[in-house]
Amino acid sequence: MPEKTISIRIDGELVNAREGQSILEAARDHQCEIPTLCYLKGLSSVGACRMCMVELAGTERLLPACTTPVQDGMSLRTKSEKLTLYRRMAVELLLVERRHICSVCVSDGHCELQAMAKSLGITHLRYTYSAGRLPVDMTHPRFVLDHNRCILCTRCVRTCEEVEGASVWEIASRGIHSRIVSDLKDPWGQAHNCTDCGKCVQACPTGALAEKGYGVHQMVKDTDRVSRLALRRASHLGA
Amino acid sequence: MQNVASPGLSAKERVLIDQEVTSHEGRPGALLGILEAVQAANAHKYLSMDALRYIADKTGTPPARVYSAASFFALFNLFPQGDNTICVCRGTACHTRGSRDLLEKVCLDLGLGSQDLESTSEADKLALTTSDQKFTVRTVACFGQCALAPVVEINHHILSHVNERTLQREVGALTRGR
Ligand code: SF4
Ligand code: SF4
Ligand code: FES
Ligand code: FES
């Protein structure tokens with residue numbers, strides 16, 4: 001069955017989109033870049049980071065582009081002062097929620113959070129860190145989880161479940177106490193179904209998940225590869 | 001073979017979980033129903049890690065998802081609860097009528113750590129249990145009885161317009177039965 005084509009306006013330009021597509025996908029199809037953190041091509045979208053907020057003509061409320069499906073006649077703005085303000089605020093709050101100390105991080109220079117902060121012109125934090133020092137899980141033979149660098153985007157959760165099929169990760173507790181956990185908050189090294197595939201590490205936008213043996217700013221992630229595998233899997237399942 | 005994943009679970013608990021898993025099979029929200037039933041049947045009203053592991057195993061649910069649900073809902077306890085539960089309301093109405101002082105006082109009287117109190121902010125759920133397992137002090141966000149503020153619930157019995165004296169008396173009565 002051919003998909004229905006609908007037309008929407010993105011930043012004034014009339015573009016065609018497929019029914020069922022998200023605003024984000026439609027925009028990216030037309031080379032319009034909307035910033036994202038929790039979105040990763042090929043994985044399901046959860047709308048966790050609020051980076052991709054866009055303005056819809058006729059309403060005050062901002063919409064997350066990654067989880068909002070396109071609708072005929074939508075007129076969207078992806079760049080504005082208001083959006084920049086919101087995105088800045090969202091990144092600042094992510095930064096104060098954990099102790100992100102870029103200068104000693106394996107992902108320094110390759111971190112999506114850091115890049116986002118830079119592109120939004122964030123040079124310092126106006127608030128104090130809201131969390132104390134959190135633990136680092138070194139129990140896995142090949143990988144490390146540093147909670148101090150986690151932004152709870154759930155890319156690892158979705159990658160492990162949707163691509164590897166191991167479902168090792170979840171978010172436990174809530175609010176400021178939310179943490180990524182493996183199994184029953186067991187040490188990662190004891191997680192029953194972990195196949196040591198490393199996909200979650202590659203999907204992680206920050207230095208929260210990293211491979212052992214890398215020094216400061218040496219850890220470069222291959223998220224494209226995770227996306228490719230995710231899409232292969234989806235097509236294999238006939239989704 | 002069947003108790004490999006949960007060595008610390010008694011035969012009785014295992015049978016109970018087996019029953020609950022069977023009776024909830026195929027129902028939406030089955031996991032929450034199972035967790036609730038298993039906690040209710042536990043003598044200390046909590047879900048042990050062994051129980052969670054066994055439930056994950058039996059239902060084929062990833063353990064992380066079981067833990068996520070058990071740690072998300074305030075209803076579930078991951079630690080043994082005391083024989084008596086004192087629940088102090090920390091909602092706005094009760095707060096303005098001094099519920100923080102009540103909470104601090106009762107914790108002090110029962111010898112519960114003040115550092116734990118300080119590290120939990122207003123909105124957090126708190127559940128502290130005395131080392132003799134006699135008392136658990138917890139907080140709720142609002143009982144919906146704001147006109148009676150400050151409200152404290154002791155063993156599911158609502159006390160209204162509580163002050164330090166009445167609270168001390170009620171707790172004292174339970175302590176003597178300790
Ligand atoms: S290494 Fe692979 S199996 Fe293990 S947690 Fe990461 S994605 Fe899951
Ligand atoms: S560990 Fe990484 S991928 Fe997982 S939630 Fe945290 S930041 Fe996201
Ligand atoms: S990318 Fe849309 S909310 Fe994170
Ligand atoms: S605030 Fe305590 S009962 Fe509503």
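Any chance the range A:207-226 includes a residue that's within 14 Å of chain B (Cβ to nearest Cβ), under 30 Å from B:ASP50 (Cα atoms) and either away from ligand 4 (no atom under 16 Å from the Cβ) or not polar (S, T, N, Q) (or both)? Walk me through how you get there before you give the answer.
Filtering the range A:207-226 down to residues within 14 Å of chain B (Cβ to nearest Cβ) leaves none.
No, the range A:207-226 contains no residue that is within 14 Å of chain B (Cβ to nearest Cβ), under 30 Å from B:ASP50 (Cα atoms) and either away from ligand 4 (no atom under 16 Å from the Cβ) or not polar (S, T, N, Q) (or both).
Determine which single condition B:LYS45 fails, assuming it passes every other condition in (1) part of a helix (DSSP H, G or I); (2) on the phi > 0 side of the Ramachandran plot.
In the conditions (1) part of a helix (DSSP H, G or I); (2) on the phi > 0 side of the Ramachandran plot, B:LYS45 misses (1) alone.
Those residues that are within 10 Å of ligand 1 (Cβ to nearest atom), within 13 Å of another protein chain (Cβ to nearest Cβ) and not aromatic (Phe, Trp, Tyr), I need them from the range A:163-179; list them, please. Explain how you work it out, then say what you get.
From the range A:163-179, those within 10 Å of ligand 1 (Cβ to nearest atom) are A:163-169; that's our starting set.
Retained after the next criterion (residues that are within 13 Å of another protein chain (Cβ to nearest Cβ)): A:164-169.
Once the filter is applied, which keeps residues that are within 10 Å of ligand 1 (Cβ to nearest atom), within 13 Å of another protein chain (Cβ to nearest Cβ) and not aromatic (Phe, Trp, Tyr), the range A:163-179 yields A:GLU164, A:GLY165, A:ALA166, A:SER167, A:VAL168.
Sort through A:LYS221, A:LYS212 and tell me the only one that's at pLDDT 95 or above and either more than 25 Å from A:TYR129 (Cβ to Cβ) or among the hydroxyl-bearing types (Ser, Thr, Tyr) (or both). Break it down stepwise before answering.
Numbers: A:LYS221 fails: either more than 25 Å from A:TYR129 (Cβ to Cβ) or among the hydroxyl-bearing types (Ser, Thr, Tyr) (or both).
Step by step, each of A:LYS221, A:LYS212 is checked, and only A:LYS212 is at pLDDT 95 or above and either more than 25 Å from A:TYR129 (Cβ to Cβ) or among the hydroxyl-bearing types (Ser, Thr, Tyr) (or both).
Look at the range A:35-63 and say how many of its residues are within 13 Å of the chain's Cα centre (by Cα) and either closer than 23 Å to A:LYS118 by Cα or acidic (Asp, Glu) (or both). Break it down into steps so the answer makes sense when it comes.
If we filter the range A:35-63 for residues that are within 13 Å of the chain's Cα centre (by Cα), which is where we start, we get A:35-52.
This time we only want the ones that are either closer than 23 Å to A:LYS118 by Cα or acidic (Asp, Glu) (or both), so: A:35-41, A:47-52.
Summing the residues that are within 13 Å of the chain's Cα centre (by Cα) and either closer than 23 Å to A:LYS118 by Cα or acidic (Asp, Glu) (or both) in the range A:35-63 gives 13.
Condition check: polar (S, T, N, Q) and free of Cβ contacts under 8 Å to residues at least 12 places away in the same chain. Does B:SER48 satisfy that?
On the way: polar (S, T, N, Q): yes; free of Cβ contacts under 8 Å to residues at least 12 places away in the same chain: no.
No; evaluated as a whole, the condition is false for this residue.
Going by the structure shown, is B:THR96 farther than 18 Å from B:LEU35 by Cβ and modelled with pLDDT of 95 or more? Spell out how you get there, then give the answer.
Numbers: farther than 18 Å from B:LEU35 by Cβ: yes; modelled with pLDDT of 95 or more: yes.
In short, yes.
Tell me yes or no: at least one residue of the range A:59-68 is small (Gly, Ala, Ser), in contact with a Leu (Cβ under 8 Å, 6 or more places away or on another chain), crowded, with 19+ Cβ neighbours inside 10 Å and not assigned by TED's automatic domain parsing to the domain that holds A:ALA115.
Here is the first cut: in the range A:59-68, the ones small (Gly, Ala, Ser) are A:65.
Add one more test, that the residue is in contact with a Leu (Cβ under 8 Å, 6 or more places away or on another chain), and what stays is A:65.
With crowded, with 19+ Cβ neighbours inside 10 Å added as a condition, the list becomes A:65.
When the remaining residues are screened for being not assigned by TED's automatic domain parsing to the domain that holds A:ALA115, the result is A:65.
Yes, because at least one residue in the range A:59-68 is small (Gly, Ala, Ser), in contact with a Leu (Cβ under 8 Å, 6 or more places away or on another chain), crowded, with 19+ Cβ neighbours inside 10 Å and not assigned by TED's automatic domain parsing to the domain that holds A:ALA115.
Answer yes if at least one residue in the range A:113-132 is under 19 Å from A:CYS200 (Cα atoms) and more than 13 Å from ligand 2 (Cβ to nearest atom), and no otherwise.
Scanning the range A:113-132 turns up no residue that is under 19 Å from A:CYS200 (Cα atoms) and more than 13 Å from ligand 2 (Cβ to nearest atom).
Quick one: how many residues across the range A:69-90 are out of contact with any Asp or Glu (no Cβ under 7 Å at 6 or more places or on another chain), crowded, with 16+ Cβ neighbours inside 10 Å and among the aliphatic types (A, V, I, L, M)?
3
Any idea which residue in the range A:180-191 is surrounded by the fewest Cβ atoms within 10 Å (Cβ to Cβ), counting only those that are at the interface with another protein chain (Cβ under 8 Å from one of its Cβ atoms) and either without any contact (Cβ under 8 Å) to a residue 12 or more places away in the chain or more than 13 Å from B:TYR67 (Cβ to Cβ) (or both)?
Here the answer is A:ASP186.
Within the range A:6-50, restricting attention to residues that are farther than 24 Å from A:THR84 by Cβ and hydroxyl-bearing (Ser, Thr, Tyr), which residue is surrounded by the most Cβ atoms within 10 Å (Cβ to Cβ)?
A:SER44
What strands (runs of 3 or more DSSP E) completely inside the range A:154-239 contain at least 2 residues that are closer than 18 Å to A:ALA48 by Cα and of a type outside the set (Asp, Glu)?
Values: elements: A:169-172, A:179-182, A:209-211.
It comes to A:169-172, A:179-182.
For the range A:12-58, give me the residue count where each residue is away from ligand 2 (no atom under 15 Å from the Cβ) and closer than 25 Å to A:GLU170 by Cβ. I'd like the intermediate steps shown before the answer.
Initially, the range A:12-58 is screened for residues away from ligand 2 (no atom under 15 Å from the Cβ), giving A:12-35, A:52-58.
Checking the rest, the ones that are also closer than 25 Å to A:GLU170 by Cβ come to A:22, A:24, A:52.
Number satisfying all stated conditions: 3.
The values are calculated or read from the model by the stated rules, or taken from the named source; none is laboratory data. Bear in mind that the values here come from a model prediction, so they are computed numbers and not experimental data. Note that each Cβ is placed from the backbone with ideal geometry, even for glycine, and that neighbours are counted across all protein chains shown.
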